[in-house]
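Structure, as structure tokens:
The values are calculated or read from the model by the stated rules, or taken from the named source; none is laboratory data. It should be emphasised that the depicted structure is a prediction, and the values quoted were computed from it without experimental measurement. All Cβ positions, even for glycine, are placed from backbone atoms using ideal geometry, and neighbour counts span all protein chains on display. What goes into the accessible areas is simple: the full protein's heavy atoms, side chains included, and nothing from ligands, DNA or RNA. Shrake-Rupley method; radii C 1.70, N 1.55, O 1.52, S 1.80 Å.
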Amino acid sequence: MTRRTIFYRFCKSLLLLNNTFLDARTSLATVHATSIHANAPSPNVVLFSKLFFKIMVWLSFNTVDFGPNRMDGDEGCSYGSTNGLDSSPHKPSQSQSPSCNAVDLGDMSFMMVDYIKDAMKAMDMMRNHHMLTDVVLEVGAELFHAHRLVLAAASPYFKAMFTGGLRECDMNRVQLQGVSATVMARLIHFMYTGRIRVTENTVCQLLPAATMFQITNVIQACCDFLARQLDPSNAIGIATFAEQHGCTELCRKANQYIERHFIQICHEEEFLQLNCVQLITLIKKDELNVQAEEEVYKAVIKWVRYDEDNRHVKMEHIISAVRCQFLTPKFLNDQMTNCDVLRKTPACREYLARIFKDLTLHKKLAVKERTPNTPRIIYVAGGYFRHSLNVLEGYNVDDKTWHTLDNLTVPRSGLGGAFLKGSFYAVGGRNNTQGNSSDSDWVDKYNPAKDQWRPCSPMSVARNRVGVAVMDDLLYAVGGSEGNKYHNSVEFYDPELDQWTNVKPMHTQRLAVGVAVVSRLLYAIGGFDGTNRLSTVECYHPENNEWTMVNSMHTQRSGAGVAGINHYIYVIGGYDGKRQLNSVERYDTERNTWEFMSSMKVARSALSVTVLDCRIYAMGGYDGQNFLSTVEVYNPMLNTWEDGEPLSSGRSGHASAVCYQNPNCQLPAKECLIKDRVLP
């Protein structure tokens, strides 16, 4: 008798056995219920259970493949079936006759697609009718009949209970503590069906129970549910809940949400209910997404005032976690004068007074700026390519892609740009389009959240190829030109007042000047005075409203890119009156000395630069013949340049800035020359 004949006869017998089992299940259920009541299983039930188990084991090892020397996973051609059966007839071996083209039906592999699903459905039905169940779980006043095998397969907790030699191994009735009957019913339903319903009312009970029984799929379902529910009002609670139950990924997501939405969260009750240690841990994070350190300081004051009698004594420990070195002297002075919380804590006032003194003496900062846990975007606005451009693009540094954003209200080249308190400012420039050539005093503010521009108060004068930088939460506009008039004037913009204020002018008129801020000192570097390209450098002291001359660069240049990192200022490229430059100079603000660094690969003027992750991005510009789209990235630690992701198109005279931080750098005014003609 062949293996195929044996197999077919066996299948027929199994079908008959199955029909007999279905006809008899009512009587078996009655017998089984009686045996459970008597706390002793029926011999018939035990006999059938053993027979059923042996059949299932035999099937699992033999119905997949009856061919000799074949193992699970062997390849063969496959075909589908409408009854949920996948079969794979084995290909004839090379030793077979070449004339035999038919598939050998005596050697086939079968994959029952719905087998597990149907088997579990049958077992769940048997559980509901107390058929072949061999254990009763007692949860409070509720009894749950179940199969040990299913419980052990779904839960390491039950596997250890029933196979680890514990006393429960021999018990037909097991009492469970630490879980409610409602939750236990849901978990048992999941073990048999793979389905679980999670709601706001049940997740706080379901997750601890799933953790106790080590049912990883339910734990993951609860974590996914809570991650979708994250909100400023509950993020802190979810993070704490996740940490308590060892849900590391949910805890990470919740903490990331807290970091990104700190401004909203600090107004919620959960924030005000934090203890002192939790508050300090939170505000110490580098990744807090705040537009200015002032927001962290105000959040701390709000937390103290929530329970001032008990919390003001802890203020001295908390205030040191705030990066007060990034508060402005004006803000610090106001707080020391008017804050009622500080009046109760003299030690805090003394601490802030020391910081105030260090800031006004322009000492090097001992702490680093925050790096918010948000997408890192470099914004590039305007520029010149045959005419002034109105484009605004954002470069996602993490996925290296460019995105087109809301256009400038008016095409502009030679503009300056910077980020201040979460908004990108486009300052001055020239609209050089067909039939129009006018220098601009316009200032527009871009909101990244809304992808929208809105106008601000204009400057006191039009400024083309203007230098722009941020200092003390104020936006400075330096030099530039209006027609044939070259400016040495300087003014700053206060976003709180929407107002411009003039300060003392520079010693020299400077068009296409580069500017940078280091240790609360504003540096104006190089430029064009109407006759010569300049190598001179001036430094502005805001306390006494004075400009002083410092050591000059080695090379005269205008239209250079300028960026500050730590106590250094980097001056990149530019135009010396004869040719575009690829050279780089670095100024040490502490030693008042200049030195050459590694040159760029391509000479360029009218480029824009910005700093991200302590690297300088030099973008676009003009090389004397072409408008460039190339980007080079400088690593100060290695003193090397490498190629970056290019701009979407060539341009010069554009502005750029990084959205999430105020990186102590400015995006300089731009200039390019073609055949001795100055282009905007």
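Points worth noting:
- Residue 404 paired with residue 350, simple spin-label distance in nm, labels 7 Å along Cα-to-beta-carbon: 6.2 nm
- Annotated for the range 272-344: lysine pairs at least 8 residues apart or interchain, Cα distance under 20 Å, count 12.
- Karplus (6.51, -1.76, 1.60) ³J(HN,Hα), θ = phi - 60°, over the range 139-145, in Hz, Gly and Pro reported as x: 10, x, 8, 9, 10, 10, 7
- Highest to lowest packing among 125-136, 473-484, scored as the average C-beta count within 10 Å: 473-484, 125-136
- Classified by the C-alpha gyration tensor, the range 310-396 has a prolate form. Its axis ratio a/c, with a ≥ b ≥ c, is 1.5 or above, and a/b is larger than b/c.
- Full extension of the chain between residue 434 and residue 212 yields a length gain of 72.6 nm, computed as 0.36 nm times the residue separation minus the alpha carbon distance.
- Average projection area in nm² (convex hull over Cα atoms of the range 376-660, one quarter of hull surface): 13.4 nm²
- Per-residue SASA remark: residue 350, around 110 Å² accessible (1.4 Å probe; ligands, DNA and RNA not included).
- When only the Cβ of Lys, Arg, Asp and Glu is charged (+1, +1, -1, -1), the dipole of the range 508-614 relative to its Cα centre reaches about 480 debye.
- Database remark: amide H of residue 107 closer than 5 angstrom to the amide H of 90 (H placed geometrically; neighbours at sequence offset of 5 or more, or on other chains; Pro and chain starts carry no H).
- Shown in residue order for the range 451-457 are the 3J(HN,Hα) couplings computed by the Karplus curve 6.51 cos²θ - 1.76 cosθ + 1.60 at θ = phi - 60°: 6, 8, 9, 8, x, 10, 4 Hz (x for Gly and Pro).
- Taken as Cα centroids, the range 258-334 and the range 364-417 sit 30 Å apart, rounded to the nearest whole angstrom.
- Accessible surface for residue 360 stands near 40 Å², nearest 10, in the context of the full protein assembly shown (1.4 Å probe).
- Each part gets one Cα centre, and for the range 581-631 versus the range 188-224 those centres are 57 Å apart.
- Each peptide among 590-602, 488-500, 429-441 gets the average number of other Cβ atoms lying within 10 Å of its residues, and from highest to lowest they stand as 429-441, 488-500, 590-602.
- Charge tally in the Cβ shell below 12 Å around residue 308, where Lys, Arg are +1 and Asp, Glu are -1, residue 308 excluded: +3
- 3J(HN,Hα) along the range 154-166: 8, 9, x, 4, 6, 4, 5, 5, 9, 10, x, x, 6 Hz, from the Karplus curve 6.51 cos²θ - 1.76 cosθ + 1.60 with θ = phi - 60°, whole Hz, x for Gly and Pro.
- Residue-level accessible surface for residue 374, protein heavy atoms, 1.4 Å, Å²: 30 Å²
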